[in-house]
Amino acid sequence: MAREETRTTARTTPRTTAPPAVRSSAAHGAGQPGGAGGASPRAWTMRLLVVGIVLSALNLRPAITSLGALLEEVRNGLGMSGSVAGLLTSVPPLCFAVFGVMAPRLARRFGAGAVVCAGMAAIATGLLLRPYTGSTAGFLAGSALALMGIAVSNVLMPVIVKHWFPDRVGSMTGLYSMALALGTALAAAVTVPLTDALGGNWQSGLTVWAALAVAAVLPWLPFVRGRATAPGAVDAGSAPGGAGAAAGGGGSAPDGAASVRDGLGPGREADRGDGGDAQAAAAAEPAREAAPPLRITRSRTAWALAVFFGLQATAAYITMGWMAQIFRDAGVPAGTAGLLLAVTMVMGVPLAFVIPRLATRLPHQGPIALALGVCGLAGYAGLYLAPAAGAWAWAVLLGIANCAFPLALTMVGMRARTGPGVAQLSAFAQSTGYLISIPGPLLVGVLYQHSGGWGLPIALMSALMIPQMVVGVLAGRDRTVEDEASRRAAAAGR
């Protein structure tokens with residue numbers, strides 16, 4: 001399966017002939033980039049890394065969805081006003097935008113593995129503290145700490161996957177997207193029963209999710225600075241036409257995890273070759289100077305991907321915040337409305353694994369974005385015309401539409417050739433996208449309150465799906481942000 005994915009995706013990226021030394025390293029370590037001098041990392045290291053990725057992904061949403069399940073109890077316990085409670089729906093994307101942009105700089109300074117490890121620790125600490133602060137301000141501060149850990153991990157997951165699994169970007173992205181969806185649905189479904197089992201105390205019901213975050217810290221400890229043997233400066237991922245190219249990330253810049261820019265642990269940076277001789281020199285000795293910075297804002301594809309990310313996040317947060325209320329207002333019992341929301345969330349578990357694998361096999365990911373958008377439009381039309389009669393069908397369709405998130409993550413890995421490029425694109429797309437998504441849930445609430453029904457909010461949701469489909473097509477084109485930025489810089493210099 002990995003070979004098929006490699007062959008298919010390789011057609012989507014420019015290929016050049018790698019020197020024999022680099023080709024032999026790629027052949028020896030396909031799927032295990034980073035062997036110093038051609039040596040593969042120990043098998044236990046790779047298995048531990050997979051465990052760390054999965055556990056981290058499981059922790060990227062419970063801080064949000066567990067709160068949603070107990071929001072009424074939290075409001076009553078803290079004396080929180082309705083307006084402040086409404087603002088809580090916009091706090092996650094705001095924190096993701098503010099803190100996510102810091103992730104590449106932190107990864108360059110400390111190593112991506114150390115930053116993710118610290119992120120999991122921040123999630124655990126925030127979840128432990130926020131229920132017991134005794135005030136709304138303290139609860140918000142604890143939530144912000146947890147969301148900061150989520151934000152940096154959000155950005156660095158695609159980077160880590162690209163460096164360590166360059167020929168399996170689709171399958172590994174699918175794996176952690178599936179784990180993320182599972183964590184989202186699990187927290188929404190079991191927080192209330194867990195709270196009841198713990199005596200009905202909402203503090204205990206929220207705190208229990210800190211245990212999962214603590215477990216996620218452990219696999220990353222060997223990858224903290226100086227604790228693990230980092231792969232070499234030249235590896236399969238750094239060779240054009242090698243495994244890095246097969247993952248949609250081929251090119252001449254370094255892709256090894258030893259790079260201080262993007263590796264799991266800090267180390268030397270590989271030289272940036274621009275041709276056959278330069279590549280051979282890069283294979284022979286470590287770098288003496290860093291690659292020139294990528295001006296990500298010069299890339300139209302980066303902007304398209306950022307807007308796509310923002311619009312799909314808008315739809316996701318509207319769904320999480322308001323869909324159950326739409327069903328309840330249509331006469332669906334509260335318990336059933338909760339199950340319908342769980343169905344929507346659970347749809348992301350299998351599809352988050354399938355969609356990235358499919359995306360890496362296609363030269364253009366636009367058709368997938370269009371198909372997901374059509375499902376979203378059909379689901380919104382059903383909510384408007386017959387919300388109760390076809391409730392289960394609409395929940396399934398909207399669950400499929402919400403799988404634009406793993407598609408966006410996959411395209412982040414495919415639209416950049418280099419490790420630093422992936423880090424910058426991931427930070428730019430997610431930070432800008434989450435900023436775009438902040439007003440959506442609030443605007444839906446305002447329209448619902450002032451119109452007295454769901455007609456206008458559903459019309460807004462449907463209208464936003466159209467530009468999401470358009471920018472999805474633009475972001476899915478077979479090109480890289482490095483090439484676009486270089487061309488625009490050259491044109492500006494003339």
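The values are calculated or read from the model by the stated rules, or taken from the named source; none is laboratory data. This is a predicted model, so every value here is computed, not measured. Methodologically, a virtual Cβ is constructed for each residue, glycine included, from the backbone with ideal geometry; neighbour enumeration extends over all protein chains shown. Note: areas computed on protein heavy atoms with side chains; ligands, DNA, RNA excluded. Shrake-Rupley method; radii C 1.70, N 1.55, O 1.52, S 1.80 Å.
Of everything in the stretch 459-494 that's polar (S, T, N, Q) and modelled with pLDDT of 95 or more, which residue is least open to solvent (accessible area, probe 1.4 Å)?
468
Looking at 156, 145, which one is closer than 30 Å to residue 46 by Cα, hydrophobic (A, V, I, L, M, F, W, C) and open to solvent by 40 Å² or more (accessible area, probe 1.4 Å)?
Values: 156 fails: open to solvent by 40 Å² or more (accessible area, probe 1.4 Å).
Within the list 156, 145, the selection yields 145.
Residues in the stretch 460-487 that are of a type in the set (A, V, I, L, M) and out of contact with any Ser or Thr (no Cβ under 8 Å at 6 or more places or on another chain): 9 in all.
If the requirement is being within 17 Å of residue 461 (Cβ to Cβ), touching a helix residue (DSSP H, G or I) at 6+ places or on another chain (Cβ under 8 Å), surrounded by fewer than 24 Cβ atoms within 10 Å (Cβ to Cβ) and not hydroxyl-bearing (Ser, Thr, Tyr), which of these qualifies: 390, 399, 366, 379?
Numbers: 399 fails: surrounded by fewer than 24 Cβ atoms within 10 Å (Cβ to Cβ); 366 fails: within 17 Å of residue 461 (Cβ to Cβ); 379 fails: surrounded by fewer than 24 Cβ atoms within 10 Å (Cβ to Cβ).
Only one candidate qualifies: 390.
When the stretch 444-455 is filtered for residues that are surrounded by fewer than 16 Cβ atoms within 10 Å (Cβ to Cβ) and assigned to a helix (DSSP H, G or I), the ones remaining, listed by number, are 446, 449, 450, 451, 455.
Might you check whether a residue that is part of a helix (DSSP H, G or I) and hydroxyl-bearing (Ser, Thr, Tyr) occurs anywhere in the stretch 347-368? Within the stretch 347-368, not a single residue is part of a helix (DSSP H, G or I) and hydroxyl-bearing (Ser, Thr, Tyr). Looking across 427, 393, 388, one residue alone is of a type in the set (A, V, I, L, M, F, W, C), at pLDDT 85 or above and either closer than 19 Å to residue 472 by Cα or not in a helix (DSSP H, G or I) (or both). It is 388.
Consider residue 318 carefully, then state whether it is open to solvent by less than 10 Å² (accessible area, probe 1.4 Å) and not small (Gly, Ala, Ser).
On the way: open to solvent by less than 10 Å² (accessible area, probe 1.4 Å): yes; not small (Gly, Ala, Ser): yes.
For residue 318, the condition - open to solvent by less than 10 Å² (accessible area, probe 1.4 Å) and not small (Gly, Ala, Ser) - is met.
When residue 59 is tested against (1) modelled with pLDDT of 85 or more; (2) open to solvent by 20 Å² or more (accessible area, probe 1.4 Å); (3) under 21 Å from residue 216 (Cα atoms), just one condition goes unmet, and that condition is (2).
Mind checking whether some residue in the stretch 163-172 is among the basic types (Lys, Arg), open to solvent by less than 10 Å² (accessible area, probe 1.4 Å) and either out of contact with any Phe, Trp or Tyr (no Cβ under 9 Å at 6 or more places or on another chain) or free of Cβ contacts under 8 Å to residues at least 60 places away in the same chain (or both)? Write out each step before concluding.
From the stretch 163-172, those among the basic types (Lys, Arg) are 168; that's our starting set.
Next, from what is left, pick out any that are open to solvent by less than 10 Å² (accessible area, probe 1.4 Å): none.
No, every residue in the stretch 163-172 fails to be among the basic types (Lys, Arg), open to solvent by less than 10 Å² (accessible area, probe 1.4 Å) and either out of contact with any Phe, Trp or Tyr (no Cβ under 9 Å at 6 or more places or on another chain) or free of Cβ contacts under 8 Å to residues at least 60 places away in the same chain (or both).
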